[in-house]
Amino acid sequence: MFARMEDEEEGEMKSKMIIKSDDPIGQDILSGNLLNLEGSLIVMNNPENKFIIEVYCDKANAVEIEWTFTDPNNDNALMTAAYNSGTIKLGKKDDALAEYWYQHQTYVITKDESNTLKATTKINNYMSAIQFNPSGVGGDDFIIEANVKDSEGKIIKIVKSQLLTVVRKMQFDDLYNMRGVRSLLQYASSANIQKYFNEAFIIYEAPSTSIELEDRFSIKYLAQYDRNNTLTHEYRWTEIAAPVDYNPPIRKSNGNIVATEKLTEEEKANCNSQSVKDKADSWKNRMLRLIKECQENWINDVKLENSIVSIDSYHIMYGNDDDPDMDYNPFLPCTGVPITIGGFTTYVGFGLWYIEPVGGMNMGNGIAAIPAWVEDDADLSNVIAHELAHTTNDVVNGRPIMYRYDFGPGDHSQTVREGLMEPMPYKHSDIIKLSDIEIKILKGYKK
Ligand SMILES: [Zn+2]
């Protein structure tokens, strides 16, 4: 893909500017139509991305090109207003140190050190070229100008690019569904999801097919995956939750070593004792470790990365109250001992860890899992868009999909309580839009 600006004089083409992607697959320049914008969209998930600008000019006295650009509406993100990790800065405006121009092939550039906005290259055989590194904030826009000069330094021709708007892109390698669980092909389509991200200048490219997972990966509870069980492929809650005699000893801050987790007769008679609380805590931590391990094994065995996956349920203790196994109580009779999970207080071996079923899971590596219980069209669209928004700062192939700040604590919006990342109250059967602050964050701004 390339963007082209042709300049016609007296009916014949005399000069032209061609903008090419540095990336050999050429997917970094998209049509502005995708966001109902003029010109082209330039994809800047990688803030170091550069574009090759070539200018052809047939004027015999043309000697060099002075390259510069304008910011239409003068509204590009200030360096101080945008994401800045110290090494990665998305905003460039008013940053005296920001570099925009880089040498392309043999077209040596000369720069005035006091002004990084401009650079000059020589014309050779009616052509010159340079590389342009724009800012990385969604919505920033540029018009590149090539001032063609003669040997006296007089501008004899100005060639301008079309409007170039910075976007970032979400692209998933695959869409999967567990066997027996509905495919998300329709719900995860661009037609359904792109609208959430238009204002954030994010292009969502939907997977075109849904791949059904093999039986061994198609289990009821993803986070109870047992890679060594060739029959059911899944741990049963009654097995994994059973207290064990000695698993493993825990050393308390006072130096005492406490064996876990099975209660002694003495402890059963005194549920409020510290040793019962310690065992409850140890049991909880063992369950959470297992959940994490099961999930990681499942991701590794499926070879899942950068994908959307339609699952049955996440884990029995995360709101799936129709399962008889859930009633198995491993901590009789001390069921009232409180345990804290993710800031949420519940009781050991009793009921569900979360009253509401988990709506969706961002599992890192650009993976969004959507459970089957979400059925309403609008709810399902919201859950998918919410999880996809989480994946944007996941790391895939060693690099964040796109650089941005967290929306809020836990990458939700607890401080705002509106928008798609933490809607309060949750509006069922209603499309929920990203809030202004969430859109700002997704574009690459600070809050
Ligand atoms: Zn979330």
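Brief remarks on what is shown
- Filter pass, THR392 being crowded, with 22+ Cβ neighbours inside 10 Å, of a type in the set (Val, Ile, Thr) and either within 15 Å of the ligand (Cβ to nearest atom) or free of Cβ contacts under 8 Å to residues at least 60 places away in the same chain (or both): yes
- Test for ASP321: is it at pLDDT below 95, surrounded by 15 or more Cβ atoms within 10 Å (Cβ to Cβ), among the charged types (D, E, K, R) and more than 25 Å from the chain's Cα centre (by Cα): no
- Among the conditions (1) in contact (Cβ under 8 Å) with a residue 60 or more places away in the chain; (2) part of a loop (DSSP other than H, G, I, E, B); (3) crowded, with 16+ Cβ neighbours inside 10 Å, LEU380 misses just one, which is (2).
- Leading residue by the ranking (nearest to the ligand (Cβ to nearest atom)) among those in the range 397-427 that are β-branched (Val, Ile, Thr) and buried (at least 16 other Cβ atoms within 10 Å of the Cβ): VAL416
- Matching entry among VAL309, VAL276 (being more than 33 Å from the chain's Cα centre (by Cα) and surrounded by 18 or more Cβ atoms within 10 Å (Cβ to Cβ)): VAL276
- Hey, SER218 touching a residue at least 12 places away in the same chain (Cβ under 8 Å), hydroxyl-bearing (Ser, Thr, Tyr), surrounded by 14 or more Cβ atoms within 10 Å (Cβ to Cβ) and farther than 30 Å from ASN36 by Cβ or not: yes
- Screening the candidates GLY319, GLY349 for the property of being touching a Phe, Trp or Tyr at 6+ places or on another chain (Cβ under 8 Å), in a loop (DSSP other than H, G, I, E, B) and over 24 Å from PRO423 (Cβ atoms) yields one hit, GLY349.
- Among residues of the range 37-65 that are at positive phi, those with a Cβ under 6 angstrom from a residue that is among the small types (Gly, Ala, Ser), sequence gap 6+ or separate chain, pair up as GLY39/GLY32.
Residues checked against (1) hydrophobic (A, V, I, L, M, F, W, C); (2) part of a strand (DSSP E or B):
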site	(1), (2)
LEU117	yes, yes
SER128	no, yes
PRO134	no, no
GLY139	no, no
GLU145	no, yes
VAL148	yes, yes
GLU152	no, no
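- Scanning the range 200-258 for residues that are among the basic types (Lys, Arg), within 30 Å of HIS390 (Cβ to Cβ) and not in a loop (DSSP other than H, G, I, E, B) gives a single hit, ARG216.
For every residue, the table says whether it meets (1) under 24 Å from GLY91 (Cβ atoms); (2) part of a loop (DSSP other than H, G, I, E, B); (3) assigned by TED's automatic domain parsing to the domain that holds ILE143.
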position: MET17; (1), (2), (3): no, no, yes
position: LYS20; (1), (2), (3): no, no, yes
position: ASP23; (1), (2), (3): yes, yes, yes
position: LEU30; (1), (2), (3): yes, no, yes
position: ASN33; (1), (2), (3): no, no, yes
position: GLU38; (1), (2), (3): yes, yes, yes
position: ILE42; (1), (2), (3): yes, no, yes
position: ILE53; (1), (2), (3): yes, no, yes
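- Put simply, of GLN186, GLN162, GLN131, GLN194 the only residue that is at pLDDT 95 or above, polar (S, T, N, Q) and in contact with a His (Cβ under 9 Å, 6 or more places away or on another chain) is GLN131.
The values are calculated or read from the model by the stated rules, or taken from the named source; none is laboratory data. It should be emphasised that the depicted structure is a prediction, and the values quoted were computed from it without experimental measurement. Using ideal geometry, Cβ is built from the backbone for each residue, glycine included, and neighbour counts are taken over all protein chains shown.
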